[in-house]
Amino acid sequence: MVSQIIIKKSTIADILERIKRNPHIELVYLGIGTKTDNRYRIDYFVECSNISGNPSIEFVADPLCIYNAYVEAEKKRYDIITILHSHPGLPSPSSKDLQGMRQWPIPWIIVDSRSLAFRAWILVDDKISSMDIALVD
């Protein structure tokens with residue numbers, strides 16, 4: 001069964017607009033929601049500051065933001081189920097992304113900050129696979 005990420009159209013539109021306004025900085029968001037079998041339903045995203053020393057080519061999410069997102073999600077009986085970030089290139093994982101995917105074994109949504117194209121990926125048994133994204137009203 002192919003894994004699927006479900007996102008509201010309005011939610012992704014808001015994120016794409018923010019990325020469009022900030023094409024030279026990698027933005028990072030944590031997708032909060034639920035996972036059932038191979039379906040990841042994102043209820044909302046939390047934007048975290050990119051504290052990298054070189055935010056135009058990599059991201060490092062602010063650890064306090066990650067902690068606060070976990071606390072908030074737990075109160076709602078949700079979890080952090082995806083990471084979304086932008087970079088100035090094709091929406092596929094870089095070698096640095098692959099390192100991060102090994103540390104965060106959840107789906108990653110990558111947005112090309114130039115074209116705003118986006119795709120989802122997951123690393124399982126050190127093999128990368130694309131995921132379907134369903135946009136809903």
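Quick check, is K96 in contact (Cβ under 8 Å) with a residue 40 or more places away in the chain and outside any strand (DSSP E or B)?
Against the criterion (in contact (Cβ under 8 Å) with a residue 40 or more places away in the chain and outside any strand (DSSP E or B)), K96 does not qualify.
For the range 63-76, the set of residues classified as buried (at least 17 other Cβ atoms within 10 Å of the Cβ) and outside any helix (DSSP H, G or I) is empty. Every condition in (1) assigned to a loop (DSSP other than H, G, I, E, B); (2) within 22 Å of S115 (Cα to Cα) is met by Y29 except one, and the failing one is (1).
Scanning the range 27-53 for residues that are among the hydroxyl-bearing types (S, T, Y) and exposed (fewer than 14 other Cβ atoms within 10 Å of the Cβ) yields one hit, T36.
Select from the range 107-137 the residues that are in contact (Cβ under 8 Å) with a residue 40 or more places away in the chain and outside any strand (DSSP E or B) and write down the one among them that is nearest to the chain's Cα centre (by Cα). Checking each candidate, the answer is P107. What about L90, is it over 17 Å from D37 (Cα atoms), assigned to a loop (DSSP other than H, G, I, E, B), touching a strand residue (DSSP E or B) at 6+ places or on another chain (Cβ under 8 Å) and among the hydrophobic types (A, V, I, L, M, F, W, C)? Yes, satisfied. Candidates in the range 13-26 are the residues that are assigned to a helix (DSSP H, G or I) and not β-branched (V, I, T); of these, the one that is surrounded by the fewest Cβ atoms within 10 Å (Cβ to Cβ) is R21. If you check S56 against the conditions, is it crowded, with 18+ Cβ neighbours inside 10 Å and either outside any helix (DSSP H, G or I) or of a type in the set (K, R) (or both)? Spelling it out, it is not the case that S56 is crowded, with 18+ Cβ neighbours inside 10 Å and either outside any helix (DSSP H, G or I) or of a type in the set (K, R) (or both).
Rule-based calculations on the coordinates, nothing more; no lab input. These figures come from a predicted structure and were not determined experimentally. All Cβ positions, glycine included, derive from the backbone under ideal geometry; neighbour counts span all protein chains shown.
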